1. Place the peptides 112-119, 281-288 in order of packing, highest mean first, counting for every residue the other Cβ atoms within 10 Å and averaging per peptide.
2. What order, most packed first, do the peptides 65-74, 267-276 have when packing is the mean number of other Cβ atoms within 10 Å of each residue?
3. If packing is taken as the average count of other Cβ atoms within 10 Å, what order do 121-130, 172-181, 306-315, 200-209 fall into, highest mean first?
4. So for region 122-253, if I pair up every lysine 8 or more residues apart or on another chain, how many of those pairs have alpha-carbons under 19 Å apart?
5. Report the net charge of residues surrounding residue 180, where surrounding means a beta-carbon distance below 10 angstrom and charges are Lys +1, Arg +1, Asp -1, Glu -1.
6. For a bin width of 20 Å, list the pair-distance distribution of the chain built from all Cα-Cα distances, rounded to whole %.
7. Size of the dipole of region 284-353 about the Cα centre, Lys and Arg at +1 and Asp and Glu at -1 on the beta carbon, nothing else charged, in debye to 20?
8. For each cysteine in the chain, check whether another cysteine's C-beta sits under 4.7 Å from its C-beta; list those where none does.
Amino acid sequence: MDSTGDVEMKGVIDGPPGSQKPSPGGAERQLTKPEPEPQNGNQGEAVDPDCPHFKLRFLLSGHKRAVSCLKFSSDGTYLASASSDKTIKIWETETGQFVHTFEGHTEGVSDVSWSSDGEYLASASDDKTVIVWSLEDREAFKTLRGHTNFVFCVNFNPDTNLLVSGGYDETIRVWDVARGRQLKVLPAHSDPVTAVSFNHDGSLIVSCAMDGLIRIWDADSGQCLKTLVDDDNPICSHARFSPNSKFVLVSTQDSTIRLWNYPTSHCAKTYVGHVNRTYCIPSCFLLYDRGKFILSGSEDNKVYIWNMQTRKLVQRLDGHRDTVLSVAAHPSRGVVASAGMEKDKSIRLWFDE
């Protein structure tokens, strides 16, 4: 393990509240005013008897600026954090221990993605590059150049041979990882692309953008197969496929999360109560033995958890001192990570106890 004087892990008992992160690695998105707090639940207490009972276990400190992204490795052993301080840090999930810092970007980092085998990590940066890092060698494996503006989002396909990225140049780009070569450039949107990812078998790509559109693409041909848009056309902060690829979870800047049945272009469920009118805040699926839930950050400095089926808010986690811009769910256990903006530079690891 690496050790540095400025990296610190604290147990929840003695740690101050903390967590931080901006929108892209440096470019933040702003819109309008916050909304009133939801009424049910406070201090991280459960608001429903059949809900998760997440409690703070670790505070992870070390980033010098806001934390922009959190991602668990595919087996949940490690957590990666990206920051506008231009670095990516790796942490052990079970112990909260710091493992390594990757340095090499010249501007802030907006997004990271693990390969399915956990051997590589890709990072998207305001320096217009995507870097693929080797976890074994602890150095850059490939640097992908082609975007003409900030790179905001990146994801591996399930086979780890392809990467998809999106950014402020309004394009989606598909890359050959081994060769470090650009395979496709899709003129995808009319505003910055805020999220891109593959479905479970790598045959489809979903993208969303500040133009309010969610698009489904054939990964092989690059053809746009479907465009989803809400009647009010709010800015799309984030989109991802459900694990079975039958739905797309979309966060929008009207303080709403929607679960779309994309083959029918039907919005199946909506989740509300959080505040999201200014920044690109992602949501994600939280699936483990207690049930199926939806997880999101919020501009009221809290983390929100809904029952996926009933849409009920089942827990709200308090303690952050700034907008919670990043959340991540462990792939198989009741473990949640959260981080926030510039006033709060630590990462919080919550365990369902």
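The values are calculated or read from the model by the stated rules, or taken from the named source; none is laboratory data. This one's a predicted model, so the numbers in the text were calculated from it and none came from an experiment. Cβ coordinates were reconstructed from backbone atoms using ideal geometry, including for glycine residues, and neighbour counts include every protein chain displayed. Keep in mind that these areas ignore ligands, DNA and RNA; they rest on the heavy atoms of the full protein, side chains included. Shrake-Rupley method; radii C 1.70, N 1.55, O 1.52, S 1.80 Å.
1. Working: 112-119: 19.0, 281-288: 22.4.
The most tightly packed comes first, giving 281-288, 112-119.
2. In decreasing order of mean packing, 65-74, 267-276 become 65-74, 267-276.
3. Details: 121-130: 25.4, 172-181: 17.6, 306-315: 19.2, 200-209: 21.0.
Descending packing order for the listed peptides: 121-130, 200-209, 306-315, 172-181.
4. Values: 128/142; 128/184; 142/184; 184/226; 226/246.
Lysine pairs, 8 or more places apart or on different chains, close enough: 5.
5. Values: positive: 142, 145, 179, 181; negative: 176.
Its environment carries a net charge of +3.
6. All Cα pairs, binned at 20 Å, distribute as 34, 61, 5 percent.
7. 180
8. Cysteines of the chain left without a disulfide-compatible partner: 51, 69, 153, 224, 267, 280, 284.
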